[in-house]
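The next block holds one structure in the form of structure tokens; read it before the comments.
All of the numbers you see were taken from the coordinates with simple rules; none came from a lab. Please read all numbers here as calculations on a predicted model, not as lab measurements. Cβ coordinates were reconstructed from backbone atoms using ideal geometry, including for glycine residues, and neighbour counts include every protein chain displayed.
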Amino acid sequence: MNVLVTGGAGFIGVNFLHYLLKKTTYDVTVIDYLTYASHPKEIKRLISNPRFRFFKGNVAVKEDIEVVMDREYEALIHFAAESHVDKSIQNADNFIDANIVGTYQLLKQLSKGFVKKMIHISTDEVYGSLNLGDQPFMEISPLSPNNPYSATKASSDLLVQAYYETFRLPLITTRCSNNFGPFQHVEKFIPTIVYNAFHNRKIPLYGDGMQIRDWLFVEDHCAAIALILERGKNGEVYNIGGGNEKTNIDVLMEILNMMGKSQNLVEYVRDRKGHDRRYAINSSKLQNELGWKQEFQFEEALKKTVQWYTNIFKGKFL
Ligand code: NAD
């Protein structure tokens with residue numbers, strides 16, 4: 001099977017490449033624009049694998065996508081996106097381009113028949129925010145994004161839905177909760193905590209720290225995507241969630257404990273604008289219809305993750 005992966009040099013993308021090259025026999029082609037959030041060194045390491053090809057390109061540019069359409073693909077997994085909410089609040093230009101225009105350009109290529117199936121990787125953030133006591137989001141929950149990042153992801157989800165309804169293209173959407181694990185950019189919550197704690201620096205915590213996120217280890221996300229690739233039904237949306245609802249302050253304290261660091265490092269800072277209060281996701285459709293089961297326990301996976309970043313910061317890269 002020939003598989004095309006967009007955004008394969010990013011956090012989830014790199015983990016997914018390792019997953020595919022280890023656990024399947026698929027040939028993998030990657031297109032990635034190698035933005036600040038990417039891991040070119042990791043791509044260089046993979047290049048020697050005869051099952052792997054890499055192209056630098058912007059998915060929002062038609063000519064860049066055409067370069068990789070030199071063969072037919074059984075599947076396209078679309079991770080490429082600008083992904084940092086804080087950056088989208090400062091300036092959303094790149095988010096509109098990568099997340100909306102990029103998805104639109106891929107949908108246009110799909111219409112030409114180069115790709116037999118596309119899995120559009122979206123996020124639980126498109127559903128907006130829950131109150132305490134609300135039921136977790138279902139696939140049929142309304143889209144109600146509250147920040148520019150999630151608005152661009154919701155826009156791309158709607159384009160995918162429209163292209164399925166209008167043209168019956170082979171499209172599947174996944175909406176996953178917060179991932180954690182190796183290769184996440186240090187701008188994100190968990191790597192920021194480990195980085196600052198490791199260097200005994202203040203760790204910024206937004207607002208009262210009581211925002212709730214539903215955490216999933218990245219390898220469990222990769223396994224879910226691989227399963228959806230094999231058994232998912234066109235036109236469907238699948239939620240992927242960890243069932244690990246934690247407040248930000250609890251995650252922070254757990255990491256400080258693991259690292260043997262003082263709670264005095266925590267510095268409360270003004271809350272992010274439009275900060276969603278709670279995300280929680282119901283993945284029973286994926287479990288019941290496709291048989292997905294989460295493998296990694298939160299605490300164990302968090303320990304493994306903290307250890308991985310600590311090794312990086314010590315200069316012991318892998
Ligand atoms: P990331 O920011 O770590 O990586 C994104 C990758 O996309 C980078 O390698 C970057 O170079 C590439 N890219 C950006 N713009 C591009 C463009 N125009 N053309 C080609 N490549 C481009 O993001 P991530 O955390 O790995 O997220 C991957 C996908 O998963 C995103 O679509 C995101 O919305 C979704 N998602 C992420 C999470 C999470 O917790 N990280 C949760 C649910 C869904």
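Per the Cα gyration tensor, the range 36-191 maps to an equivalent ellipsoid with semi-axes of 26, 21, 15 Å, ordered largest to smallest. Need one word for the range 250-318: rounded, prolate or oblate. Basis is the Cα gyration tensor (sqrt eigenvalues a ≥ b ≥ c); a/c below 1.5 gives rounded, then a/b vs b/c decides. Because a/c hits 1.5 or more and a/b fails to exceed b/c, the range 250-318 counts as oblate. Among the trypsin sites (Lys or Arg not before Pro) in the range 133-181, those placed in a DSSP loop whose Cβ has at most 10 other Cβ atoms within 10 Å are R168.
To the nearest ten degrees, helix 298-313 and the longest principal axis of the Cα atoms of the chain are 90 degrees apart.
Give me the net charge for the shell around E299: Cβ to Cβ below 12 angstrom, other residues only, Lys and Arg +1, Asp and Glu -1. The partial results should precede the final answer.
Working: positive: K246, K303, K304; negative: D250, E254, E300.
Every neighbour counted, the sum reads 0.
Quick one: order I172, I47, I100 by neighbouring beta-carbon count within 10 Å, fewest to most. Walk me through the numbers before you get to the answer.
Values: I172 23, I47 10, I100 20.
Fewest-to-most Cβ neighbours within 10 Å comes out as I47, I100, I172.
With Cα atoms as the point set, the radius of gyration and Dmax of the range 116-269 evaluate to 17.7, 57 Å.
Volume of the convex hull of the chain (Cα atoms only), normalised per residue: 124 Å³. In terms of its C-alpha gyration tensor, the range 1-84 comes out oblate, because a/c is 1.5 or above while a/b does not outweigh b/c.
How much FRET efficiency would the formula 1/(1 + (r/R0)^6) give for I89 and T25, where r is the Cβ-Cβ distance and R0 is 41 Å, rounded to 0.05?
On the way: r = 43 Å, r/R0 = 1.04.
The computed FRET efficiency comes out at 0.45.
Sparsely packed loop sites in the range 45-122 (the GluC sites (Glu not before Pro) outside DSSP H, G, I, E and B with at most 12 other Cβ atoms within 10 Å) comprise E72.
Take the residue pairs K233/K303; K23/K202; K44/K87; K87/K202; K112/K273 and return only those whose Cα atoms are more than 32 Å apart.
Details: K233/K303 35 Å; K23/K202 40 Å; K44/K87 27 Å; K87/K202 21 Å; K112/K273 41 Å.
Checking Cα-Cα distances, K233/K303; K23/K202; K112/K273 exceed 32 Å.
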